[in-house]
Amino acid sequence: MLSSLGYAIAWRFTVIRTALAIGLVRIASSIPIIQDKIKKYNEKHFLVPYEDFWQSWCSWEMLRIVINQELAELERTAKLGLPAPNCKLVSTDGKTEKRLLDFARGDRPLNDFTKVVREYADVADFLVVYISEAHPTDGWKWSNNVEIPQHKNLEERCEAAEILKSSQCPAPIMVDTMDDEATKAYGAFPERLFIIQQGKIVYEGGMGPYNYDLEEVKNWLENGKIEVKIYE
């Protein structure tokens, strides 16, 4: 963890750097050829039509969210090779509380990525942790998106998680508490991949959506290990 002085310096640097970067991108995106490149790049990572998010691209709401993401990265306690934070989670019906590591059995790796659940269910346990909304209707939103406002209490968060559950997600779904314990510990907003084995982080993915690398997870599960990039 950073010292108080180190954190204060890093906080200021992060805010200034992020604001400048978004400002420059917003200016550059007024140039048609650059706008087209941004369009192709973002549609690749966001998987939504360009027009759905362009109006909110590099807006004040986006700036606020990105700054919060960068600051959360400074405070993240889940680190490669260290014990995995065993955060409290809640079932989607709000009735049951469990700990994250309750979902790992023996030496099998625990991974929060669901798209490879069926293919690798024989070698790994999978878990999805539903956290706060990245694009709520009352925040930085896209058009033609699911209409979900930011959760004001655990009941609303559980109700939103039930929507994900109804999509027939093949992995167990648990909900982060309203103090965002898991989100903060794992620097998970808006999405992130981790593999946990024997209570330790053996793979840490980059912050989504741009560093959300599914192939790294598949390679790890196929080969037992890979040369992992460490995102600091």
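The values are calculated or read from the model by the stated rules, or taken from the named source; none is laboratory data. All values derive from a computational prediction rather than experimental measurement. All Cβ positions, glycine included, derive from the backbone under ideal geometry; neighbour counts span all protein chains shown. These accessible areas exclude ligands, DNA and RNA; they are computed on the full protein's heavy atoms, side chains included. Shrake-Rupley method; radii C 1.70, N 1.55, O 1.52, S 1.80 Å.
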**Request:** Determine the relative contact order of region 33-165: mean sequence separation of Cα pairs under 8 Å and six or more apart, normalised by residue count, in whole percent.
**Result:** 20
**Message:** If you average the alpha carbon positions of region 55-133 and of region 181-202, how far apart do those two centres end up, in angstrom?
**Reply:** 5
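Rounding to the nearest 20 debye, state how big the charge dipole of region 62-197 is about its Cα centre with +1 on each Lys and Arg Cβ and -1 on each Asp and Glu Cβ. Can you show the working numbers first?
Working: 17 positive and 23 negative charges, 54 e Å.
So the magnitude is around 260 debye.
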**Message:** Running a GNM on the chain with Cα contacts under 10 Å, which residue among T137, T14, T96 ends up with the highest mean-square fluctuation?
**Reply:** T96
**Item:** Helix 60-75 vs. the chain, principal-axis angle (Cα, 0 to 90°, nearest 10)
**Value:** 40
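What full-extension length gain, to one decimal in nm, is calculated for A10 and Q55 as 0.36 nm per residue of separation minus the Cα-Cα distance?
Values: separation 45, 0.36 × 45 = 16.20 nm, distance 3.01 nm.
Additional length available on full extension: 13.2 nm.
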**Asked** How far is helix 4-28 tilted off the main Cα axis of the chain, in degrees rounded to 10, range 0 to 90?
**Response** 50
**Accessible carbon and sulfur surface of the chain relative to its total accessible area, %, 1.4 Å** = 56
**Prompt:** If you count the DSSP beta bridges with both ends in the chain, what percent of them are antiparallel, to the nearest 5?
**Reply:** 70
**Prompt:** Of K40, K218, K200, which is the most mobile in a GNM of the chain whose springs link Cα atoms less than 10 angstrom apart?
**Reply:** K40
**Prompt:** With every protein chain left in place, what is the accessible area per residue of the chain in square angstrom, probe 1.4 Å?
**Reply:** 56
**Message:** As I understand it, the value is the acute angle between the Cα axis of helix 214-223 and the longest principal axis of the Cα atoms of the chain; what does it come to in degrees, rounded to 10?
**Reply:** 30
